[in-house]
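A quick write-up on the structure given underneath.
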């Protein structure tokens, strides 16, 4: 049986009684801290949110220590730049005291048993609701049928008005045509002689 926990942005595989160094925790020496599990493995693997909610990983703070010193050297060529620094990380030593997982199957079965009667009662309510709404649904077509003749009457009136307007327009067009026919006919134009005949007539020479 083991678990994978997350602490300080890192993941650790832990077992009961194991000691390890993690990032500095805000807890005093001798205090118990709860670690965040992301996987639990025993007879079966648990990694979903519902199952991990029942998993508890507890650890005890043994001491606050510092890690090994790291040497940091910076150098830039042709500039005479050299820097040397050191770093020691703040750590916390803990010991895993308990890894436990609650029973979720029994809780699920109990929850399903409680929800079963409520689920069976819903169809009855729906059926009752449908029965009440049925008369209202049947009354709508009657109202619509009564309203349809009115729409037809309005359309007939509109067509009658259009027919009357067309008849008036036809009468006006007939009158205009009649007025055009009563105008007097114009006399045909006489053609004037041209060329040599016209010159002879003008001089009076018949020969």
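Only the coordinates and a few stated rules stand behind these numbers; no lab work does. In this text, all values refer to a predicted model and were calculated from it rather than measured experimentally. Cβ placement follows ideal geometry from the backbone for every residue including glycine, while neighbour counts extend to all protein chains displayed.
Taking the number of other C-beta atoms within 10 Å as the exposure measure, put 42, 7 in order starting with the fewest.
Details: 42 12, 7 19.
Ranking 42, 7 by Cβ neighbours within 10 Å, fewest first, gives 42, 7.
Each of 6, 76 was scored by other Cβ atoms within 10 Å of its Cβ. Listed from fewest to most, they are 76, 6.
Using bins of 10 Å that start at zero, the share of Cα-Cα pairs per bin across region 2-102 amounts to 14, 37, 22, 13, 9, 5, 0, in whole %. Region 72-93 and region 12-54 have Cα centres lying 34 Å from one another.
Using the 10 angstrom Cβ neighbour count as an exposure proxy, how do 81, 2, 40, 12 rank, fewest first?
Listed from fewest to most nearby Cβ atoms, that is 81, 2, 12, 40.
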